[in-house]
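Worksheet: the structure to be examined is printed underneath.
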Amino acid sequence: MKKTIITMLIALVAMVASAETYNYLKFTKTDNSTVTYSVEGLKLTYDNINVTITNAEGTATLPLAQVLNMEFTNDPGTTPSVLIGDVNHDGEVSIVDVTTLIDYLLGGDTTGVDLAAADVNNDSEVNIEDVTELVDMLLSVN
Ligand SMILES: [Ca+2]
Ligand SMILES: [Ca+2]
């Protein structure tokens with residue numbers, strides 16, 4: 001089912017690409033990382049396992065299973081979309097993020113919690129170690 005949806009997405013993307021409104025195609029992967037490709041000379045092909053992205057810069061292959069989303073953008077993707085430590089996603093890293101993270105860890109409520117930003121030590125898990133890292137981060141900048 002997921003494959004069908006991704007196949008449809010790719011077809012849609014190929015259509016929109018011909019409009020050449022945007023400069024870049026951004027893939028969001030299941031680990032919340034993003035990868036951005038220039039649409040210059042863009043061509044997408046796919047089989048059962050991978051999507052192959054060909055553009056003026058070269059060719060890249062992404063496993064379909066890792067693709068969470070794709071969208072057109074004018075942002076070249078040089079700046080990370082996730083501010084590490086900004087757990088409540090208000091644009092800054094502060095003590096509020098520590099309390100938000102602790103609340104999440106105690107209650108498990110993900111409302112308003114940016115889990116990608118909450119994984120401060122980047123080990124793909126959000127736990128008490130990230131609280132420690134976040135506190136260290138705050139102490140070192142202040
Ligand atoms: Ca914040
Ligand atoms: Ca972590």
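Please treat every number below as a calculation from the coordinates, not as lab data. Owing to the predicted nature of the structure, the values given are computational and were not obtained by experimental measurement. Don't worry about glycine lacking a Cβ; one is built from the backbone with ideal geometry, like all the others, and counts go over all protein chains shown.
Is it the case that some residue within region 35-51 is surrounded by 13 or more Cβ atoms within 10 Å (Cβ to Cβ) and assigned to a loop (DSSP other than H, G, I, E, B)?
yes
Could you grab me the full set of residues in region 89-109 that are away from ligand 2 (no atom under 16 Å from the Cβ) and in contact with an Asp or Glu (Cβ under 6 Å, 6 or more places away or on another chain)? Residue satisfying the conditions is His89 alone.
Can you give me the number of residues within region 99-114 that are within 9 Å of Asn88 (Cα to Cα) and hydrophobic (A, V, I, L, M, F, W, C)? Total meeting the criteria: 2. Which is within 17 Å of the chain's Cα centre (by Cα) and either away from ligand 1 (no atom under 16 Å from the Cβ) or of a type in the set (Lys, Arg) (or both), of Leu83, Leu68? The match here is Leu68.
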